[in-house]
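S.K.: Below you will find the structure I want to go over with you.
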Amino acid sequence: MVSMNYYSLVLVVVALVWALAAVAGDPDILGDFIVPAPMVGMPPTNITSDFFTYTDFLAAKEYMPWPPQYFIVIKANMEVFPALNGQSVSYDMLVFPSRYVNPPHTHQRAAELLFVQSGALSVGFVDTAGKLYTQVLVAGDIFVFPKGLVHYQYNQGPNPATAFSAFGSAAPGTVNVPASVFGTGIDDAVLAKSFKTDFWTVQKLKAALTPPPKK
């Protein structure tokens, strides 16, 4: 009887863990939308459709040099578009110069749905079993990067590429793998042993990837 009760408890715990994993993400809200602190107390009539409108994508593209000389990311997340708070969605516009790679990175709080608007991109992600999935996308194609997995995008062609990424979180977060590993002060000996390389190689990578000190 004891073993049966223990077995039942294990099943319940496993079921709860799976249930929590299935709903993990932005917390639900108790109203239709969240009003930013500076607007709290305002009459509802003072909140107009402008609050729910974001126009920076078009504005940025009008002033963007073309062809682009560097990688450009225009974000529509909770930080710059407060109406997204509590809505579990956000968007990025990505502009790739020729031969540019968006290096391996993760979004710890959301899956990413990438839509290629123009040009072509080589993309890929690695699952938790170490399997690499790759694809070449052209204009009109969509590709999903599962939540939390390391992935990249690469414009191998001679022409620029533009893409839009949708996320299942108002603040998906981004962890740049090369910069996080070599640009955050992890001990040289740890990195040299982990990557089976020498101290000088680690130093070169750190010099290239460590951000300059803030003034």
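Read-outs: derived from the displayed coordinates by stated rules, not from any lab. Please read all numbers here as calculations on a predicted model, not as lab measurements. Positions of Cβ are generated from backbone atoms using ideal geometry, with glycine treated the same way; all protein chains shown enter the neighbour counts.
S.K.: Could you name the aspartates and glutamates in cross-link range of K196, using Cα to Cα under 15 Å and dropping any fewer than eight places away on the same chain?
M.R.: Within the straight-line cut-off, K196 pairs with D187, D188.
S.K.: Continuing with the same structure: If a/c stays under 1.5 just call it rounded; otherwise compare a/b with b/c (prolate if a/b is bigger, oblate if not). Do that for the stretch 96-179, with a ≥ b ≥ c from the square roots of the Cα gyration tensor eigenvalues.
M.R.: prolate
S.K.: Determine, for each peptide in 58-69, 131-142, the mean count of other beta carbons within 10 angstrom over its residues, then list the peptides with the highest first.
M.R.: Working: 58-69: 10.8, 131-142: 12.3.
Top to bottom by mean Cβ count within 10 Å: 131-142, 58-69.
S.K.: Could you list the square roots of 5 times each eigenvalue of the Cα gyration tensor of the stretch 74-215, that is, the equivalent ellipsoid semi-axes, sorted largest first and rounded to whole Å?
M.R.: So the three semi-axes of the stretch 74-215 are 28, 20, 16 Å.
S.K.: Positive end of the charge dipole of the stretch 105-203 (Lys, Arg +1 and Asp, Glu -1 on Cβ, about the Cα centre): tell me which of Q135, V202, Q156 has its Cα farthest that way.
M.R.: Farthest towards the positive end: Q135.
S.K.: When a/c is below 1.5 the answer is rounded, else prolate if a/b is larger than b/c, else oblate, so apply that to the stretch 28-128 with a ≥ b ≥ c taken from the square roots of the Cα gyration tensor eigenvalues.
M.R.: oblate
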